[in-house]
Amino acid sequence: MAAEHIIKSYDEELDRLSKMIVEMGGLAESQLAAAIEVVIQRDSERAIRVVEGDAQVDQLERDLDNLAIRLLALRQPMARDLREIVAALKIASDLERICDYAANVAKRSIALAQTPPIQPVNALPRMTRLALMLVKDVIDAYVAHDADKAFAVWVRDEELDEMYASLFRVLLTYMMEDPRNIGPCTHLLFIAKNIERIGDHATNIAENVYYLVHGIPLEQVRPKGDKSSLEVVAPERPPGHAGAR
């Protein structure tokens with residue numbers, strides 16, 4: 001009877017660990033959705049609330065860490081159970097970082113709201129919708145222990161990278177055409193990079209779900225569509241330069 005009680009208690013603790021991951025995933029989705037809304041709506045008051053909401057996710061991660069460490073110390077899990085706990089720790093860390101990036105987007109929106117609106121900001125909702133879809137799908141994959149769905153998220157991150165690279169080029173063009181655009185475009189570059197990094201953390205989670213299900217790592221090279229680090233921008237030559245025509 002005592003053994004049955006111990007097993008039931010252990011299963012309940014593992015289930016609680018999984019539910020905490022789902023709760024963190026839900027908060028990550030809502031934080032990111034709210035963050036991009038305050039950018040588009042130029043709502044600085046709500047942006048402050050989004051930033052403050054990051055503390056709730058931080059506390060959840062601490063609670064999850066404590067539970068996972070307790071399980072490792074007292075239950076001495078093996079095989080699948082050990083993978084469940086280690087995956088939960090890693091996934092929680094990625095979800096906490098996703099929420100950090102959402103808070104960073106909200107912070108940038110406060111500064112951006114003090115500058116004149118510019119057209120490239122309209123590209124952000126599309127990027128954000130894809131990032132949100134990746135986060136939602138990878139949490140669904142975790143809940144269902146669906147390695148195929150996790151792999152699909154892993155592959156689709158390249159699409160988000162390509163969106164970022166395209167917006168990067170547009171913003172560079174805006175800055176070169178008019179120096180007054182440099183301030184707002186710089187904030188938009190940071191916002192877009194934060195969204196792109198959210199996709200990277202979703203792929204980290206996908207890799208952990210794949211390992212959780214199969215017990216082996218996903219060994220393929222991660223596809224990357226972001227070539228912005230290779231962009232070369234030729235400076236305009238000043239009037240009267242010898243090479244000018």
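What number, rounded to the nearest 500 deg cm²/dmol, is the helix-based mean residue ellipticity at 222 nm of the chain, given -39500 (n - 2.57) per DSSP H run of at least four residues and division by all its residues?
Result for the chain, helices only: -28500 deg cm²/dmol.
Would you kindly work out the equivalent ellipsoid of segment 2-230 from its C-alpha gyration tensor and give its semi-axes, the square roots of five times the eigenvalues, largest first in whole Å? Could you put the intermediate results ahead of the total?
Details: eigenvalues 278, 79, 25 Å².
Working through the eigenvalues yields semi-axes of 37, 20, 11 Å.
How far apart, in nm, are two points set 7 Å out from the Cα along the Cα-to-Cβ line at Arg180 and at Glu219?
5.8 nm
How far is it, in nm, from the label point at Val170 to the one at Arg49 when both lie 7 Å from their Cα along the line to the Cβ?
With each label point 7 Å from Cα toward Cβ, the separation is 2.9 nm.
Tell me the angle of helix 182-214 to the major Cα principal axis of the chain, expressed in degrees between 0 and 90 and rounded to the nearest ten.
30 degrees
Can you give the longest run of the chain that contains no GluC sites (Glu not before Pro) sitting in a DSSP loop with at most 15 other Cβ atoms inside 10 Å? Don't jump to the answer; show the numbers that get you there.
Working: sites that count: Glu219, Glu231, Glu236.
Maximal segment without exposed cleavage sites: 1-218.
So how tilted is helix 147-177 from the main axis of the chain? Cα-based, degrees 0 to 90, rounded to 10.
Long axis of 147-177 versus the principal axis of the chain: about 20 degrees.
Each label point is 7 Å from the Cα along the Cα-to-Cβ direction; what then is the distance between the points at Gln114 and Gln59, in nm?
So the label points at Gln114 and Gln59 sit 3.0 nm apart.
Which links in Lys19/Lys193; Lys8/Lys90; Lys149/Lys193; Lys107/Lys136 stretch past 28 Å when you go from one Cα to the other?
Details: Lys19/Lys193 30 Å; Lys8/Lys90 25 Å; Lys149/Lys193 25 Å; Lys107/Lys136 23 Å.
Exceeds cut-off: Lys19/Lys193.
Take the alpha carbon atoms of segment 49-86, find their center, do the same for segment 146-179, and report the distance between the two centers in whole angstrom.
That distance is 31 Å.
Readers should treat all values here as calculations from the given coordinates under stated rules, not as data from a laboratory. Please read all numbers here as calculations on a predicted model, not as lab measurements. Reconstructed Cβ throughout: ideal geometry from the backbone, glycine too, with neighbour counts over all protein chains shown.
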